[in-house]
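These notes are about the structure you will find just below.
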Amino acid sequence: MKTDSLWLENITEQVEEILKEDMNCDVLIVGAGMTGLSTAYHLKNKNLKVVVVEKNKIGKGISARTTGKITYLQDTIYCDLTNSYSEKVAKKYFYSQKDAIEVILETIEKEKIECNLKKVSSYIFSKKKEKLEKEKKLLKKFGVSIKETKQDGYYAVGVEDTYVFHPVKYMQSLKDICKKAGIKFYEHTDVNFIRKEDNGYICGNELVKIRAKKVVLACHYPYFLFPFLMPLKCTLEKSYISATPVKKVESYSAISIEKPIVSLRYHEEEQNYLIYLTNSHSLYKEYDDQKHFEQLKKSLKRLCLEPKYLWSNHDIMTFDKLPFVGLLKPNLYLATGYNTWGMTNSNLAGKIISDIVMDIYNPYELLFSLKRKLKKLSLPETIYGGIKPMIENKVWKNKDWYPENVYFETRNGKNVAIYVDKSKKEHIVYNTCPHLKCSLLFNSVEKTWDCPCHGSRFDLDGKVIVGPSNYNITYHE
C-alpha cells in the first residue's frame, strides 16, 4: 500500500532551478499550487515580469492531495450562507462557483490540456430528507435543474453539470504554458520575510532577496501572524483519503451533509479507481491518525475493497464559509480558506487577484474580501483550538498509539523526537513547530511529523513539507 496521493503516481518529474541570486520583478507569487499557478496563468502576456517561487516542489503540495472535484454542489453551503448573511450572498457565491467552473473549462479547452476531465453528476445525500429540502429549494430558485433519488435508506439531491479531473496534470500544464510565456519558476526557494519598501516589497530568505512591486501570497496557510491574524478567522480540518482499484467507473461524485463526512468520486485511467474520503475532523480535536486510517480501511472492507493508496489532507475552514481572497495591504494580496472546495475557489482566486493586480473589475472581489466584516465568528473555538493542542502535546508527548521505534529525549539541552527505521538508523528532529512553537505529532501511517495547531508537516528528517512553517526541524549535534 502506498501512503501518498494517487495524483502523484506516474507523473513525470519536472525539476525547476533554485533561486540563487537576487532579482527584481513586477509581481512575485509565493506558492505554486493551484492558486499560484492559476494567478500566474491569468497574468501571462500582460507585459509584467512575473516570478513564482515554491518552498518545495511545484504542484506537489496541498492541491495534489485533494479529491479533484469541480462542483458547485457543496454540502449545504447555500443554506449556510443564507443563514449567516443573506440569500443574496448565497446566490452570489453560487454564481462565483459556476464562473469558476467555466474558467477551468475554458482554460482546458483553449490550451488543449489533457487532465482526465470528465463531466459527471454530483450529489449531496443524507438519511434525513428534510435536511436536503432547503438546499434543494434554494438551488431551484437559482435556476438549477435538480434530480432526486433514494437508495439504501439515503436521500440524495443531484445536479448534472459538474466535473472531475486530474489536478496534478492540470497544474503541470499551467506551469508549462506560463513558462512558455516567459514566467520564471523556482523550486526549493523559501520566502521567510516580506518587508515593505517605497516601491513595493523585499522578500526572500537568508541567501537571496527579491524586490517586487506586487506580492501574491498563495501559500495555503500564511506563515505570518500579523496583520491578518489568521488563527482568529479559521480552523483547520483534516481528512483521510484512499484510492482503490475498481472494475467499473461510475459517472457521479457524491458527498454526505452530515458527520462523519463521506465523499467519493471515480477516476478513469489505465487503472480505474474509487476515490473515497471520510473521517474529517477539526485538527485540534483528534490526534490518532492511525485510528482514522484504520476506520477508512474498514469502511472500504465492508464494500469488499482494498485501498492501494492512503493519504491525508488539510483544509482551512473559515468561520463564515467564504474564502479570503484579495488585498491584504497595498500591493500585497492573499488567497486562502477554501473550506474543502479548493478546485473551484483556487482557480477563481487566481482570476480575482490577477484582475485586481491589473486594475480590472471583478464581481467577486467584495464577496471574498479580506476586509469584510465577519457575521459569524467563534472566539471560544478559536482560543480553545489554539491552546488545547499546544498544552496537551507538550505535556503528553509519547502517545499510547505510537510504535516502539518512536521516542523522545533531551540531547544537548534540546527536546528531540527520534524515529528508528528498519535499518536501525535514527531520524532525529526537534519536536517543536517553528511557526508558533506547538509540539508535533507523529503520523505513523504517512511517516511525517505534523503540527496539531496550524497544519505544518515535516518528513522523518525534519524537512518542512507543508507550511505555515518555513523552517526545517532537522536536529544537528
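The values are calculated or read from the model by the stated rules, or taken from the named source; none is laboratory data. Model, not experiment: these values are computed from the prediction. No Cβ is skipped: glycine too gets one built from the backbone with ideal geometry, and neighbour counts run over all protein chains shown. Protein only, heavy atoms only, side chains kept; ligands, DNA and RNA dropped before computing areas. Shrake-Rupley method; radii C 1.70, N 1.55, O 1.52, S 1.80 Å.
Here are the numbers:
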| quantity | calculated |
| --- | --- |
| Qualifying positions in the range 187-199 - closer than 26 Å to Gly68 by Cβ and buried (at least 19 other Cβ atoms within 10 Å of the Cβ) | Glu187 |
| Subset of the range 237-267 [basic (Lys, Arg) and under 27 Å from Thr336 (Cβ atoms)] | Lys238, Lys259, Arg265 |
| Residues of the range 73-87 classified as under 17 Å from Asn345 (Cβ atoms) and of a type in the set (D, E, K, R), total | 2 |
| Unique residue being touching a helix residue (DSSP H, G or I) at 6+ places or on another chain (Cβ under 6 Å) and either at pLDDT below 95 or in a loop (DSSP other than H, G, I, E, B) (or both) when the list is His188, His220 | His220 |
| Extreme residue, nearest to Asp26 (Cα to Cα), among residues of the range 174-186 that are out of contact with any Lys or Arg (no Cβ under 8 Å at 6 or more places or on another chain) and open to solvent by less than 30 Å² (accessible area, probe 1.4 Å) | Tyr186 |
| Among residues of the range 54-113, those that are among the small types (Gly, Ala, Ser), closer than 28 Å to Ala243 by Cβ and over 22 Å from the mean Cα position of the chain (by Cα), counted | 0 |
| From Tyr240, Tyr163, residue being at pLDDT 95 or above, open to solvent by 20 Å² or more (accessible area, probe 1.4 Å), assigned to a strand (DSSP E or B) and among the hydroxyl-bearing types (Ser, Thr, Tyr) | Tyr163 |
| Residue in the range 314-328 that is assigned to a loop (DSSP other than H, G, I, E, B), of a type in the set (A, V, I, L, M, F, W, C), open to solvent by 20 Å² or more (accessible area, probe 1.4 Å) and within 30 Å of Asp355 (Cα to Cα) present | yes |
